RNA sequence: GCCCAGUUAGCUCAGUUGGUAGAGCGUCACAUUGACAUUGUGAAGGCCACAGGUUCGAGUCCUGUACUGGGCACCA
C-alpha cells in the first residue's frame, strides 16, 4: 500500500537531507528535460497572460516559419535557441510575452521533395494530375509537416502552441487572398509578358532574388557572321552559342570607330541562313570581347531591351523545359546543352568558329535546385515595388527598423534602392492559387480554353475586340461583372511562397480582421534570422507590413551567423558534415547545446561548431550542478530568510555581491544589444571563475567553523547568489536551472512557482571596489604560493608555513582584515601564516607578490640547484618587465605628454618590479 | 569592378573610451576519502597578417597590400 503524501510526517530536516542527497553526482539532462517542458506548458507559461499586471508591456516574436520539408537542423537549433533566450529573458523581465510558432508551405522546395518521392516510383506530377498531386502534397504535409515543431519542444522553445500557424491553413490563405486583392485593386499588381528567370527543371519563373550566381569555368566562343553578299564577316563572342539560333541582330556601340561604317549592313546568321541587321546600341561595351554583340531578344534580358529599342523580332528557340523549339530548325527537340555542343561543332565544320577562349563566368542558377536558369519571355504576375521599397528604406533610415549588427543595413538599403518589380507568379502547383478569375471573354480565359486549362505562359493567342478584364477576388465570384457569364476559370498559377511569408508578422495575429492580438502584439519586438533571407523575406515583410499595417513589422532585426563545421564549411547533407542537433541533445543535453550555440553566437559572424564546444558547455552544466549540490548539502537547518543586512556581510560576501552585480549588468546589457555570446561568457566566468573557484571555496571556512551566526549568514548568501545565477542562466539553460530552482525553493523567501516566471535579477547597489581590491590581494598571494608549490613540487595536500616580509603599507593595511588572513591560510593550505615576520628562516623557498616577499620555511627539503633555477626564471621575467618599464620612463616625451596618473602608476609598478628583482637577487646569492 | 566583415596562443575565439595581450579546448607537471576527474592547482605557449602613418605610447585610430569569407553589380 503506497504511503499517501499527507500522511508523511517526516521531519522537515529529513526532507531537506533527502532532497540534497537526491541530487546525483552528475547532471543527467534526460530526466530533467522530460519533467519540465510538460510542467511549464501545463501551467500555461507559454501563453501570454490574459490578466497581465498593470503596466506590463507586450513583447512578441514570430518564428521564421521553417518549411515543412524536413527536420530540425543545426541552423534551426541556433535560430530558435536565440529566440527562446530572448523571449524567456523578456518574460522574466515582466513583459507580456508571446512567441508565435508555425510552418511555411515552402513552395518549390516542398514540391520538389514530394516530386522526388514520386520519381522513385518513376512518376511525375503530371502523371497524377494537379488534383491528385495536391492530395499527396497535403498528405506529406500531414505526415511530416510539423515534425520540426515537435523537435522545437525538445529544444525547450517556449512557443505559444495554441497560436501555431501554417501558411496554407484556411485562415492564413484568406489573408493571402485579401492581401493580393488589396494590392490588385490599388493597381500595384499587373500581368504581362516579360523576360523572367526560368528554371527548366522546376518549370517555373523565379524572382530575381531567387537566382544565385556561381563562378564557373566556361568558354567564350568567337563566331564569324558573314556579310550578306560576301566581303568578309564580323566576329561576335558568346558564352551561349545555342542562342545564336534565335539571333535577330548584331549590335555595336555607335561610337565604336571599328564598326561605325557597318551599322545598317546585313549579315547572314550562321546555320540558319536568315538575314539579320547590324544595329547601334549604347549598351554595348566596345572593350568587351570583340565589341560586337549577337542579339537574342527572346533569350537574354539585355538583348530583350536592345530588341525593344530597335523593334527586333523575337525568335523563341528554347522552350520552357530547356529544349530547342521547332524554330531552331534541325536542332529542334535537343536539350539546350546538347544543342550548344552541336552548334559549336557545326560552326567549326563550316569554318565560322574563329576561336574558343577559356572564360570564368558566373552562372545564374536556381536557388532551389541549382539548375542553370534560362532567361525566357513569359506571361507573369508582377508586384510594383518602387513605392513600397522607398517607404521601407525610409523606415530603415529613420531607425524605425534597426538591424543588428548594423553592417547589414547598407546592403539592405542598396537592395531596396535598386529594387525591380517582383515576379510573384509561379508555375508550380503547391502554393496559394492566384485569386484571379477569367471569363471566356477575357484574353487569358480564351487562351486557357485553347490550351486546356494548363498554362497561359505564352501570350498573344487570343485577339478579342472587347475583352473582359481579369477579376481579383477573395472568394470565387459567381459571375463576371463585365459580361455576366458564370463560366469562370481561376488562374492556374500559384503565388511565390515569399508572398505569403511576407504577411507572416500580421497574418499570424488574425489580419485582415482587426483582433486583440494584432492590437497587442504588432509590431513585434524583434525578428531573429540568418542573413541568407534578408532580402528574400525580411525586406519584404517590412514593405508589406508598412503597406497593410501602416507600421513596421518589427523594431529590431537580429541577424545571426551561419552554422559551419569545424573546418569552416557550411553544413550540408551533400557534404556529409552536418551535426544533428537531436544527437547532440541526446549526448550532451539540451542545455549544453543551447549554451554552446549562444556562446558561439558572436554578432555578425558565422560560427564553427565542434564536439569540443558542446563538451565544454556540458562540463559547465555539470559544474553548476555540483556547485548547487554542494550548497544544498550544506543547508542543514537553514530556513528561508531575507539577506542579512550589508553590515553583516564579510569580505567575501561583499566581493561576490559586487561581482554578481556587475554580471547582472553585463548580461542584461549584452542581451539588449543581441550579444548572447557576451552574456553567456560573462555568466560562465562568474559562475565558474568567481562563485565556484573562490566564493564556494571560501565559504567552507564559515560552514565548517563554529560560529553559528556566521554559518547561517553564509548559507543565506550562498543560496541568494546561486539563485540569482540560475535566474540569469535560465534563458540559456532552462531545464537545469529550473530543476535547481525547485531544489532551492525551500530556502527561498516567497519564491516564484517556477524559475521560468521568476523575476529577472536587478541591480542591487552592491558595487564595492574596496572589497574587490582586498580580494585581489588575497588572490595574488594565494596564487603566488600555489605557483611556488607547483614549481617546487610540493603536493597541495601538504600544509606549509608561510611568512611575509617587506610588506608595503597598502598590503599591510589589507592584511589587518582577519578575513583576508583566514582566506589565505585556507586557500593556500597554510599551517602558520606570519604577516609581519621578523627574522628570516634558515632554509626556505622564496617568491614575491605585488606587495612584498613570501617565505616558505622548508628545512631539509630545498634542492639548492633546482631552487636557483626557479628563481632565475622568475628573475628573467621580471627583468624583461623592468626593461620595458624603464624605457618608457626614460622617455622625456612620455614624461611630458602622458597623463600624470599614467606616469605615476608606471613608476609604481617599476618600483615594485625593482624591489622584487632586488629580493630575488639577494635570495639567489643566499643560496650559493 | 564596388562594398562589408575577418586575419590575435596548436585549435575556436574575447579584447569597451589608445596605456606592458585574455578565456575555453588541446599540451605538460602535480593532486584522487574533497560539491564536481564532465574536477582542482600550476606551467609552457603570442613581432596581435604585412607595410607605412598619427601619437609620448597602437591589437585598438588612419592609409595601403595580401589572404579568407560574404553582399552587390557586370557577365557578349
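For chain A, the relative contact order works out to 12 percent when only alpha carbon pairs closer than 8 Å and six or more residues apart are counted. Three semi-axes describe the equivalent ellipsoid of the stretch A:556-664; taken as square roots of 5 times the Cα gyration tensor eigenvalues and ordered largest first, they are 39, 19, 11 Å. Label separation (residue A:217 vs residue A:330): 3.2 nm, computed from points 7 Å beyond Cα along the C-beta direction. The C-alpha atoms of chain A define a longest principal axis, and helix A:74-92 lies at about 60 degrees to it.
Divide the volume of the convex hull around the Cα atoms of the stretch A:54-135 by the residue count and you get 103 Å³ per residue. Stokes-Einstein, applied to the Kirkwood radius of the stretch A:708-808 over Cα pairs at a viscosity of 0.692 mPa s and 37 °C, places its translational diffusion at 189 µm² s⁻¹.
Annotation: the residues A:757, A:276, sorted from fewest to most other C-beta atoms within 10 Å of their own C-beta, follow the order A:757, A:276.
Taking every eigenvalue of the Cα gyration tensor of the stretch A:183-308, multiplying by 5 and rooting it, what semi-axes result, largest first, whole Å? Three semi-axes, in Å: 31, 18, 15. Across the stretch A:147-248, C-alpha contacts under 8 Å between residues 6 or more apart give a mean separation that, scaled by the residue count, equals a relative contact order of 11 percent.
With the convex hull drawn over the C-alpha atoms of the stretch A:198-265, the volume per residue is 166 Å³.
As a ratio to 2.2 N^0.38 Å, the alpha-carbon radius of gyration computed for the stretch A:617-710 takes the value 1.21. Quotient of the Cα radius of gyration of the stretch A:829-928 and 2.2 N^0.38 Å, N being its number of residues: 1.32.
The coefficient of translational diffusion for the stretch A:123-237, derived via Stokes-Einstein from the alpha carbon Kirkwood radius under 4 °C and 1.567 mPa s, stands at 62 µm²/s. Restricting the calculation to Cα atoms, every distinct pair contributes to the Kirkwood radius of chain A, found to be 33.9 Å. As a calculated quantity, the FRET efficiency between residue A:31 and residue A:911 at R0 = 45 Å, using C-beta atoms, amounts to about 0.15. For the stretch A:769-928, the relative contact order comes to 22 percent (Cα pairs under 8 Å, sequence separation of at least 6). Taking the empirical scaling 2.2 N^0.38 Å for compact globular proteins as reference, the stretch A:470-558 has a Cα radius of gyration ratio of 1.39.
Taking the square roots of five times each eigenvalue of the Cα gyration tensor of the stretch A:522-592, the equivalent ellipsoid has semi-axes of 33, 16, 9 Å, listed largest first.
Kirkwood radius for the stretch A:355-420, taken over all pairs of different Cα atoms as the inverse mean of 1/r, rounds to 15.4 Å. Taking a point 7 Å out from the Cα of residue A:646 in the direction of its Cβ, the residues of the stretch A:767-795 whose backbone N falls within less than 16 Å of it are A:767-773. Between 0 and 90 degrees, the angle of helix A:590-600 with respect to the longest Cα principal axis of chain A falls at about 80 degrees. Ordering A:480, A:199, A:692, A:369 from the fewest to the most neighbouring beta carbons within 10 Å gives A:369, A:692, A:480, A:199.
Each residue of the stretch A:752-844 gets 163 Å³ once the volume of the Cα convex hull is shared out per residue.
Looking at the square roots a ≥ b ≥ c of the eigenvalues of the Cα gyration tensor of the stretch A:877-928, which shape do they give, rounded for a/c under 1.5, prolate if a/b is larger than b/c, or oblate? Prolate. Each of A:733, A:92 was scored by other Cβ atoms within 10 Å of its Cβ. Arranged with the fewest first, they read A:92, A:733. Once Rg and the Kirkwood radius are both taken over the C-alpha atoms of the stretch A:674-747, their ratio Rg/Rh works out to 1.04.
Bear in mind these aren't lab numbers, they're just calculated from the coordinates by the rules spelled out. Since the structure is predicted, the reported quantities are computational estimates derived from the model, not experimental observations. Positions of Cβ are generated from backbone atoms using ideal geometry, with glycine treated the same way; all protein chains shown enter the neighbour counts.
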